[in-house]
Amino acid sequence: MFKGFYTVATGMVAQQRKTEILTNNMANASTPGFKSDQTTIRSFPDMLMSAVSSTNIPTEKGFALKKLDTIGALNAGVYLQETMPNQAQGQIFSTGLTTDVALINGNMPTDAASGNAGQVFFRLENENGTESYTRNGNFTMDGQGNLVNPMGLYVLDASGNRMQFANDNIRIDSTGAIFDENNAQVGTLGVAFSNNPDVLVKRDNGLYNTIDGAGLPTAYGQAGVEFSMQHQYLEGSNVDAARAMTELMTAYRAFEANQKVLQAYDKSMDKAVNEIGRV
């Protein structure tokens, strides 16, 4: 009975975690460049239960033959195995701001080991000098004229350097080249390429990092990597709000079903302790 009690509890924990992830997806449905998280729930490996018994053989000194009687398999519950971001392209929408730019995927090579398509990201400089990556092209300029993201991280150029401009009167073409008001090229937006984006560590605010902290290679000149940029546009979130709501209701109902079973176990144990135990 107690084993079933804890099995149901694992189901409740898994559904609660799934509900939290779906809620976060819906909360970021309007966040530029946000990639929805996908979950995978699987069961723990089943355990084979056996009972040790013995058979007394009538001999002069007595002999007990021990044996294992198979009872059956015991399911140990479920758990949320992993959470992976969906790297599909979001819809592009116009903002009219000169510091906004959308990164648009073209043909991407497929990673032979994982079967995943590659992904391109804007390059950012962290507070500690390392690089982070994002799909959110909602940039602005700080007081010193540096191009930064909404969290104040510096946007890097193709050479990995910070970009500083006299004003925000800039133009960005489809290749990432940046021009000032005199139509002179003053930089190129840095774009990094990951051949398997699923191995990146997803952080808050739409940022990604590599597991070992090493920088990703530049996307410029990579074989088979095609992308473009749309100035004064942003890439929207790829969250499907209707589907997320449906999955959220399904997870909620599954949580309720596990809760009802847990209450039934609780009543059974209460009866075993307070009524049967009196006899």
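Return yes when Gly96 is small (Gly, Ala, Ser) and either at positive phi or free of Cβ contacts under 8 Å to residues at least 40 places away in the same chain (or both) and no when it is not. Spelling it out, Gly96 is indeed small (Gly, Ala, Ser) and either at positive phi or free of Cβ contacts under 8 Å to residues at least 40 places away in the same chain (or both). Residues that are within 22 Å of Ala177 (Cα to Cα) and outside any strand (DSSP E or B) within segment 93-110 comprise Thr95, Gly96, Leu97, Thr98, Thr99, Gly106, Asn107, Met108, listed in sequence order.
Determine whether segment 165-179 contains at least one residue that is hydrophobic (A, V, I, L, M, F, W, C), within 26 Å of the chain's Cα centre (by Cα), crowded, with 17+ Cβ neighbours inside 10 Å and assigned to a loop (DSSP other than H, G, I, E, B).
Our first condition is that a residue be hydrophobic (A, V, I, L, M, F, W, C); within segment 165-179, this holds for 165-166, 170, 172, 177-179.
Keeping just the survivors that are within 26 Å of the chain's Cα centre (by Cα) gives none.
No, segment 165-179 has no match at all.
A Cβ distance below 7 Å, combined with a sequence gap of six or more or placement on separate chains, defines the contacts here; from segment 111-136, residues that are in the same structural domain as Ala158 (by TED's automatic domain parsing) and without any contact (Cβ under 8 Å) to a residue 40 or more places away in the chain reach residues that are buried (at least 16 other Cβ atoms within 10 Å of the Cβ) and in a strand (DSSP E or B) in the pairs Glu125/Glu131; Glu125/Tyr154; Glu125/Leu156; Asn126/Ser132. Only residues that are in contact with a strand residue (DSSP E or B) (Cβ under 9 Å, 6 or more places away or on another chain) and surrounded by fewer than 23 Cβ atoms within 10 Å (Cβ to Cβ) were counted in segment 108-122, giving 7. Among residues of segment 207-224 that are on the phi > 0 side of the Ramachandran plot, those with a beta-carbon under 7 Å from a residue that is surrounded by fewer than 12 Cβ atoms within 10 Å (Cβ to Cβ) at least six positions away or on a different chain give the pairs Gly224/Asn107.
Apart from one condition, Asn107 fits all of (1) closer than 30 Å to Thr246 by Cβ; (2) assigned by TED's automatic domain parsing to the domain that holds Val201; the exception is (1).
Scanning segment 222-246 for residues that are surrounded by fewer than 19 Cβ atoms within 10 Å (Cβ to Cβ) and of a type in the set (Asp, Glu), we see that the one that is farthest from the chain's Cα centre (by Cα) is Glu226.
Whenever a residue of segment 77-90 is small (Gly, Ala, Ser), its partners that are surrounded by fewer than 18 Cβ atoms within 10 Å (Cβ to Cβ) and part of a loop (DSSP other than H, G, I, E, B), lying with C-beta atoms within less than 8 angstrom and at least six residues away or across chains, give the pairs Gly77/Phe44. Residues in segment 182-213 that are surrounded by 12 or more Cβ atoms within 10 Å (Cβ to Cβ) and part of a loop (DSSP other than H, G, I, E, B): Gly190, Asn195, Asn196, Leu200, Arg203, Thr210. In the condition set (1) closer than 30 Å to Ala184 by Cα; (2) touching a strand residue (DSSP E or B) at 6+ places or on another chain (Cβ under 9 Å); (3) part of a loop (DSSP other than H, G, I, E, B); (4) not basic (Lys, Arg), Gly90 is compliant with all but (1). Evaluation of Leu147 against the conditions (1) more than 20 Å from Val225 (Cα to Cα); (2) of a type outside the set (Asp, Glu); (3) over 21 Å from the mean Cα position of the chain (by Cα); (4) in a loop (DSSP other than H, G, I, E, B) shows that the sole unmet condition is (4).
I'd like the residue in segment 37-87 that is of a type outside the set (Ser, Thr, Tyr) and out of contact with any strand residue (DSSP E or B) (no Cβ under 8 Å at 6 or more places or on another chain) and, out of all such residues, is surrounded by the most Cβ atoms within 10 Å (Cβ to Cβ). Here the answer is Pro45.
The values are calculated or read from the model by the stated rules, or taken from the named source; none is laboratory data. Treat the numbers as computed from the prediction; the structure is a model and nothing was measured. Positions of Cβ are backbone-derived with ideal geometry, glycine not excepted, and every protein chain shown enters the neighbour counts.
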